[in-house]
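This report refers to the structure that appears directly beneath it.
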Amino acid sequence: MLPVVVVHGGAGHIPKERAEKSMEGVCSAVRAGYAVLKRGGSSMDAVVEAVTQLENNPAFNAGCGSVLNVKGEVEMDAIVMDGKTLGSGAVSAVRNIANPVCLARLVMDKTSHTCLTAEGASKFARSMGVAEVPMESLITEYARMRWRKNLAADAKPVECQMGKMG
Amino acid sequence: TVGAVAVDSEGNVACATSTGGMLNKMEGRVGDTPCIGSGGYADNQMGAVSTTGHGEAIMKVTLARLILFHMEQGHSPEAASDLGLAYMKSRVEALGGVVTVDPQGHWAARFSSKQMSWAAAQKDMLHYGLYGGEHFTQSI
């Protein structure tokens, strides 16, 4: 039964015209994670590789393709956890980082903390040599369209994102 | 939100979750993803979970750790995932989805929303789906 890797691209409303890209994205990411495991990589290596692929895919709400906050900016969160040691690393409200999941792993591996947030996380990223990227590179036209659409006073962003009950 | 769970050949489990958060959220709003036990949890003695959905609701029920509690009681990853999602739906009327794995390599991709894109790789087979009830397979 081992090794095994399972990925998700997010629950909620996925418009028909984006469904195919979403399926392709999760299949590609799971192949990448599985290749790591087949090479003898750890489960942590595999999940970070798979999620990094999804962060780099603009079809998903993470990394490039993230939804925008009310100001039209990107703020991202990520977590990793290791089942052997119960070690964990997380970042919250980070900006200008292409792969928050890699920064979360650095928090686990290089600090005695579990979570770093906002400016502190950015300072840590710089100290670890993690390149900052312009926010523009993380924003897609689709994300901007949804942001505009949900600025209206009577908008329902949660319902727009989560869709109806299955 | 995107996420992954895995078990390697040594039986170690891990999880990872990453997100841009909720549409038009307030500046500084942080959801479930970076919160241990909510956005994800991993323990070699039970398994690993990565969650997605309405973050404020997932945090109220600490969804990832809740599912692993059900697995500690002997439920399968699929039954435990459904129990956790059903509790979130009944208790705080919210939707979500999870990918779950146990240390033996049994896995589940479950969701209470209409859709969740997911994929799994095991024994050189690729499994994937998007709508409720879908489970396609092909050689990897």
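Look through region A:76-95, keep the residues that are crowded, with 23+ Cβ neighbours inside 10 Å and more than 7 Å from chain B (Cβ to nearest Cβ), and return whichever of them is nearest to residue A:131 (Cα to Cα). Applying the filter and picking the extreme gives A:94.
Restricting region A:14-32 to residues that are at the interface with another protein chain (Cβ under 7 Å from one of its Cβ atoms) and over 15 Å from the mean Cα position of the chain (by Cα), the residue that is surrounded by the fewest Cβ atoms within 10 Å (Cβ to Cβ) is A:19. Quick one: count up the residues across region A:12-53 that are under 17 Å from residue B:101 (Cβ atoms), out of contact with any Asp or Glu (no Cβ under 6 Å at 6 or more places or on another chain) and not basic (Lys, Arg). Summing the residues that are under 17 Å from residue B:101 (Cβ atoms), out of contact with any Asp or Glu (no Cβ under 6 Å at 6 or more places or on another chain) and not basic (Lys, Arg) in region A:12-53 gives 12.
Of the residues A:35, A:125, A:59, A:98, which single one is in contact with a Lys or Arg (Cβ under 7 Å, 6 or more places away or on another chain), among the aliphatic types (A, V, I, L, M) and more than 7 Å from chain B (Cβ to nearest Cβ)?
On the way: A:35 fails: in contact with a Lys or Arg (Cβ under 7 Å, 6 or more places away or on another chain); A:125 fails: in contact with a Lys or Arg (Cβ under 7 Å, 6 or more places away or on another chain); A:98 fails: in contact with a Lys or Arg (Cβ under 7 Å, 6 or more places away or on another chain).
Exactly one residue qualifies, and that residue is A:59.
Within the bounds of region B:69-89, is there any residue that is within 9 Å of chain A (Cβ to nearest Cβ) and modelled with pLDDT of 95 or more?
Going through region B:69-89, the residues within 9 Å of chain A (Cβ to nearest Cβ) turn out to be B:89.
Checking the rest, the ones that are also modelled with pLDDT of 95 or more come to B:89.
Yes, the conditions are met somewhere in region B:69-89.
Of the residues that make up region A:129-137, is at least one more than 24 Å from residue B:13 (Cβ to Cβ) and crowded, with 21+ Cβ neighbours inside 10 Å? No, every residue in region A:129-137 fails to be more than 24 Å from residue B:13 (Cβ to Cβ) and crowded, with 21+ Cβ neighbours inside 10 Å.
Condition check ((1) under 29 Å from residue A:69 (Cα atoms); (2) acidic (Asp, Glu); (3) facing chain A (nearest Cβ under 7 Å)) across all residues:
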| site | (1), (2), (3) |
| --- | --- |
| B:3 | yes, no, yes |
| B:7 | no, no, yes |
| B:23 | yes, no, yes |
| B:26 | yes, no, yes |
| B:35 | yes, no, no |
| B:40 | yes, no, yes |
| B:54 | yes, no, yes |
| B:57 | yes, no, no |
| B:61 | yes, no, no |
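Could you tell me whether residue A:61 is under 17 Å from residue B:55 (Cβ atoms) and without any contact (Cβ under 8 Å) to a residue 24 or more places away in the chain? No. Among the residues of region B:94-140, those that are facing chain A (nearest Cβ under 7 Å) and among the β-branched types (Val, Ile, Thr) comprise B:99, B:101, B:140.
Scanning for something within 25 Å of residue A:2 (Cα to Cα) and surrounded by fewer than 17 Cβ atoms within 10 Å (Cβ to Cβ), does region B:55-68 turn up at least one residue? No, region B:55-68 contains no residue that is within 25 Å of residue A:2 (Cα to Cα) and surrounded by fewer than 17 Cβ atoms within 10 Å (Cβ to Cβ).
The values are calculated or read from the model by the stated rules, or taken from the named source; none is laboratory data. Just so you know, these numbers come straight off a predicted model, no measurement behind them. Neighbour counts run over all protein chains shown; Cβ positions are idealised from the backbone, glycine included.
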